[in-house]
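Working notes, beginning with the structure itself.
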Ligand SMILES: C[S@@+](CC[C@H](N)C(=O)[O-])C[C@H]1O[C@@H](n2cnc3c(N)ncnc32)[C@H](O)[C@@H]1O
């Protein structure tokens, strides 16, 4: 119902104005600023973190990589005098890298598991070699006699995700770990959360958490033992790199990029290095539902509330009829998709697109409010295509930023992505850009 009303509202927009092939105009306007940097292709995804101690311990698939942030620090010539904000900090790649360069930084994320991971990974730099192994062995001796800790077991996925004996043992491990003192407790909990997927029939291999009954499932104690060994190896590796000596602790806050919390430290941020959710139907509260149900929400109601509080990049997002994106290109795409609504593989895609751009406009206005004059923004975004319609998210956001008081200095194309085989068959192989946007506050 909301969907129909919304599109009805879109129809009231002046068609002559919006159907002016605004995408072509946008491409023309920004063509002089576009350049290829395909050498950064591996670094705008999590794969670039696979060789990086500490960060590789938690597989946050939507992250960009440590070498990408390093490259940006170099490119912007940042030093200890700067102040970096990442308003969508995820596992904290930006703030972790900034910390290792002694640059003050602030990370914000709406997902409690992301805030926990970003805050806990740096604690590994404080661990003595052997400390985690010892804690694991002590806990293992009594884990079977622990009463299982509570989890949000009214959530549907929790009823089918694990073999029952695994779920029971994981809950006993949770109870054991909760008895530890800080920071061992947080670090061991991080390692426990990082093995949930391996101990379950699920995999994060698309926009959702998929249930794969045929999947081999790890034994919790053995998986945790291996993870502790990996962490011990990384603690030593990080020490060899001298990371524990050159560390500036970032501030990490649970918050909403559309309405940032109060600044937690002195001064105004003068740099943003970030990557928002992409408008690709990806639902973080589903992909990370096991972790959330294990340690961050008490029941389905809380999980649902979280789902509706994150940026509207997924199809369950609620959009009210009067929320119409201001950018003409978004309206143009919505009108075109409306004509093909019956062919879209989900009828809520237009509502998601509308909600996404309304949210991103708020996000950019918020940056204009909190950043220092002349501040710079580096943002990685992905374009998308629905039913053949290309949505140039990168250029639309540059245009929105211009309205909010930023100038675009460059757009680097880091990757071209194909699309689904089905779409390519129907529309030909028109690749979709994944871009790095560079803005400066005027
Ligand atoms: C692409 S990921 C960022 C990954 C990050 N660059 C990294 O390296 O880990 C986008 C993040 O935005 C977060 N997010 C979603 N809605 C948000 C909101 N309204 N405010 C702040 N963060 C939000 C998600 O939880 C997710 O961690």
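The values are calculated or read from the model by the stated rules, or taken from the named source; none is laboratory data. These numbers come from a predicted model, not from an experiment. Cβ sites come from the backbone with ideal geometry, for glycine too, and all protein chains shown count toward neighbours.
Using the structure shown, decide if residue 112 is in contact (Cβ under 8 Å) with a residue 40 or more places away in the chain, within 16 Å of the ligand (Cβ to nearest atom), surrounded by fewer than 21 Cβ atoms within 10 Å (Cβ to Cβ) and more than 20 Å from residue 230 (Cβ to Cβ). It is true that residue 112 is in contact (Cβ under 8 Å) with a residue 40 or more places away in the chain, within 16 Å of the ligand (Cβ to nearest atom), surrounded by fewer than 21 Cβ atoms within 10 Å (Cβ to Cβ) and more than 20 Å from residue 230 (Cβ to Cβ).
Any chance you could count how many residues in segment 299-313 are surrounded by fewer than 20 Cβ atoms within 10 Å (Cβ to Cβ), more than 13 Å from the ligand (Cβ to nearest atom) and touching a residue at least 40 places away in the same chain (Cβ under 8 Å)? Counting residues in segment 299-313 that are surrounded by fewer than 20 Cβ atoms within 10 Å (Cβ to Cβ), more than 13 Å from the ligand (Cβ to nearest atom) and touching a residue at least 40 places away in the same chain (Cβ under 8 Å) gives 3. When we screen 91, 139, 123 for residues that are surrounded by fewer than 21 Cβ atoms within 10 Å (Cβ to Cβ) and in contact with a helix residue (DSSP H, G or I) (Cβ under 6 Å, 6 or more places away or on another chain), the only hit is 123.
Taken over segment 94-109, the residue count meeting the criterion of being in a helix (DSSP H, G or I) and crowded, with 24+ Cβ neighbours inside 10 Å is 5.
Selection of segment 348-358 for residues being over 19 Å from residue 307 (Cβ atoms) and surrounded by fewer than 22 Cβ atoms within 10 Å (Cβ to Cβ) yields an empty set. In segment 325-343, the residue that is farthest from residue 25 (Cα to Cα) out of those that are modelled with pLDDT of 90 or more and in a loop (DSSP other than H, G, I, E, B) is 325.
Counted as qualifying within segment 143-219 are the helices (runs of 4 or more DSSP H) with 1 or more residues that are free of Cβ contacts under 8 Å to residues at least 12 places away in the same chain and more than 23 Å from residue 131 (Cα to Cα), namely 156-160, 164-178. If only residues of segment 47-65 that are surrounded by 21 or more Cβ atoms within 10 Å (Cβ to Cβ) and under 14 Å from the mean Cα position of the chain (by Cα) are counted, the one that is farthest from the ligand (Cβ to nearest atom) is 58. The listed residues are 316, 291, and the only one of them that is more than 11 Å from the ligand (Cβ to nearest atom), under 25 Å from residue 159 (Cβ atoms) and in a loop (DSSP other than H, G, I, E, B) turns out to be 316.
Only one of the numbered conditions (1) modelled with pLDDT under 95; (2) closer than 30 Å to residue 371 by Cβ is not met by residue 204, and that is (2). Among residues of segment 19-43 that are farther than 24 Å from residue 326 by Cα, those with a Cβ under 6 angstrom from a residue that is in a loop (DSSP other than H, G, I, E, B) and modelled with pLDDT of 90 or more, sequence gap 6+ or separate chain, pair up as 43/65.
Comparison of 252, 272, 235 shows that the only residue that is more than 16 Å from the ligand (Cβ to nearest atom) and either at pLDDT 95 or above or in contact with a helix residue (DSSP H, G or I) (Cβ under 7 Å, 6 or more places away or on another chain) (or both) is 235. Evaluated against (1) modelled with pLDDT of 95 or more; (2) assigned to a loop (DSSP other than H, G, I, E, B); (3) surrounded by fewer than 21 Cβ atoms within 10 Å (Cβ to Cβ), residue 277 falls short on exactly one condition, (3). Filtering segment 376-396 to residues that are in a strand (DSSP E or B) and either closer than 9 Å to residue 278 by Cβ or touching a helix residue (DSSP H, G or I) at 6+ places or on another chain (Cβ under 8 Å) (or both) leaves 377, 378, 379, 380, 381, 382, 384, 385, 386, 389, 390, 391. Determine which member of the set 286, 307 is over 30 Å from residue 376 (Cβ atoms) and in contact with a strand residue (DSSP E or B) (Cβ under 6 Å, 6 or more places away or on another chain). It is 286.
Among (1) loosely packed, with under 15 Cβ neighbours inside 10 Å; (2) within 13 Å of the ligand (Cβ to nearest atom), there is one condition residue 262 misses while meeting the rest; what is its number? Answer for residue 262: the failing condition is (2).
Does segment 239-248 contain at least one residue that is farther than 26 Å from residue 137 by Cα, in a loop (DSSP other than H, G, I, E, B) and within 16 Å of the ligand (Cβ to nearest atom)? Looking for residues that are farther than 26 Å from residue 137 by Cα, in a loop (DSSP other than H, G, I, E, B) and within 16 Å of the ligand (Cβ to nearest atom), one finds none in segment 239-248, hence no. Note on segment 66-94: residues that are more than 9 Å from the ligand (Cβ to nearest atom) and under 21 Å from residue 254 (Cβ atoms) amount to 3.
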